[in-house]
Structure formats: structure tokens, C-alpha cells
Amino acid sequence: MTDKDRKLAFKIYLYLGALFITSLVVSNLIFQKFFYWYPFGETKVFGASLFEISVGILPYPITFLITDLISEIYGQKKANQVVTAGIFASFFSMAIILIAERVPALPTSPIQDDTFTHVFALSPVAVFASMIAYLFAQYIDITIYHFWKKLTNGKYLWLRNNFSTFTSQFIDTFTVVFLLCVFKVLPWDLFYGLVISGFLFKVFVAVLDTPLLYLFVFFFRKRFKLKVGEEIDMGI
């Protein structure tokens, strides 16, 4: 690979990392709003709302698509580095919000303290639960992805993409909802509905993003002349 190609590969890696971190941070900022998953609406099973999900789930599947793409093209080490950077960015953004919440608003401020707190108030337990679930899910996703990649000699991209994502998404959904219920951030009567609806939504998105992964991998392999299973070595 030429120096020009290596610089381009590194630039693309930075942009993918930026998309990953933005999706992760935003999902933590907006998670307090809930809605019914269209077109199903309110459907109850054993008293639990089956298709009630948080808007924070909307950008989250993007993170798994990006880690799978980075895993495929740049390798496991680079994927893990992005996940670690995401953890740092999440805690840093939470710290900024907590500081902003402590600063008293001026009487002329368009947003007063009570409004700001109502919208952006972050439960330390909720943040902790989200980060624990995120750590488990992302590292497991990357590990399973490379397990199947090695086992199939780089073939059957759809297999490792979906197997890794399905498993990690269930772990993520179950862990975060379980911890939020244990620490009484959410009531237990929402547990089954949020786990099932969250997991189904993520599986649905994972299936939809498989063609996108194939498309992106195709362009990467063509541009950088990569063989099936070959990864870009940026030398850093």
C-alpha cells in the first residue's frame, strides 16, 4: 500500500470513529424520551408494552455497523480502540452536562434551571448502566465477529455480521434495562417490554444494515485492492 493510500485509509478511519462516538454520545443524551415503534403501536404481552422503545436506541445500531466495518477492514485492534475512545467521550460529555447543570441560569436566560435539569438531568446510575452494557456488548461484538471471520477464512460476511450483532445487541439491551430496573430508575413492569422491543428493533436494523456493510466492504476492497479477509495495516 502506498503512503497516499495509507493516509486516505487513516482519514476514513478517523471519520468512522467520529460517527461512532457521535452516535454513542447522542444516544445517551436523548434516551429519556420514549415512543411506540411504528407501525405496531401499543401492543401488550403479559401486561408489558411490546413496542415501546427509547429514542436513544435510534442512533445506537449505527455503532455496531461501524465496529463491524472497522473490524472487517482495519482489524480487531482498531475496532477496540474506537470502542475505548467512545467510553472516554461518553464520560467526558456526561461530566460537561453535570457541570452545566450546576451553573445557575440568569433571569434573562431562554432556558431556566428547572427546564435544563428536566431535559438533561442524568442519573449516575443510568449512565453507569448504559456504559456497562455498552462495554460488554461492543467488546463481545468485536470478539465474536473475529471468531467467525477466522473460522470461515474471511468468507460469509453476512454470517459474522449478524451473529455478532444479534448476540451483542441482546446482551446490551438486557444488561442496561436490568440494571436500570435493579437501581429503580425504571419500574420492573417495563422490563420485559423494553428488553423484547429493544432487541427486536436492533435485530430489525441489523438485518437492514447487512447490505450496507456489503456495499461499504466492496468499495473498500476495490479502492485499496484488498483480498477477501485482508485488512489494512496503517502502520500505527
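I need the Kirkwood Rh of the stretch 93-175: take the reciprocal of the average 1/r across all distinct C-alpha pairs and report it in angstrom.
15.6 Å
Accessible area per residue, 1.4 Å probe, Å², for the chain: what's the number?
Result: 55 Å² of accessible area for each residue.
If I take all pairs of Cα atoms in the chain, what percentage of them are more than 29 Å from each other?
35 percent
Of the heavy-atom accessible surface of the chain (probe 1.4 angstrom), what whole percent is carbon and sulfur?
That share works out to 73 percent.
Kindly express, to the nearest 10 degrees and within the range 0 to 90, the angle between helix 3-29's C-alpha long axis and the longest C-alpha principal axis of the chain.
It is inclined by approximately 20 degrees.
Quick check: residue separation of K225 and F183 times 0.36 nm, minus the Cα distance between them. What number comes out in nm?
10.0 nm
For helix 76-102, what angle does its Cα long axis make with the longest principal axis of the chain, in degrees from 0 to 90 and rounded to 10?
Taking Cα atoms only, the helix is inclined about 20 degrees.
What number, in percent, do you get for the relative contact order of the stretch 104-197 if the mean sequence gap of Cα pairs under 8 Å and at least 6 apart is divided by its residue count?
That works out to 29 percent.
Place a point 7 Å from the Cα of I111 along the Cα-to-Cβ direction; which residues of the stretch 55-95 have their backbone N under 14 Å from it?
94
For the chain, what is the mean residue ellipticity at 222 nm derived from helices alone (per DSSP H run of n ≥ 4: -39500 (n - 2.57); sum divided by total residues; nearest 500 deg cm²/dmol)?
So the calculated ellipticity at 222 nm is -24500 deg cm²/dmol.
Could you sort the peptides 157-170, 1-14 by per-residue average Cβ neighbour count (10 Å cutoff), highest mean leading?
Taking the mean over residues of other Cβ atoms within 10 Å, the ranking is 157-170, 1-14.
Can you give me the angle between helix 157-182 and the longest principal axis of the chain, using Cα atoms only, in degrees from 0 to 90, rounded to the nearest 10?
20 degrees
In percent, how large is the relative contact order of the chain, given Cα pairs closer than 8 Å and 6 or more residues apart?
26 percent
Checking the cross-link filter: which lysines have an alpha carbon closer than 25 Å to that of K7, excluding same-chain neighbours under 8 positions apart?
Partners within reach: K77, K78, K222, K225, K227.
How do the peptides 93-105, 184-196 rank, highest first, by the average count of neighbouring beta carbon atoms within 10 Å per residue?
Descending mean neighbour count gives 184-196, 93-105.
The values are calculated or read from the model by the stated rules, or taken from the named source; none is laboratory data. No experiment lies behind these values; they were computed from the predicted model shown. Glycine also receives a Cβ, built like all others from the backbone with ideal geometry; neighbour counts cover every protein chain displayed. Ligands, DNA and RNA are excluded from the accessible area calculation, which covers all protein heavy atoms including side chains. Shrake-Rupley method; radii C 1.70, N 1.55, O 1.52, S 1.80 Å.
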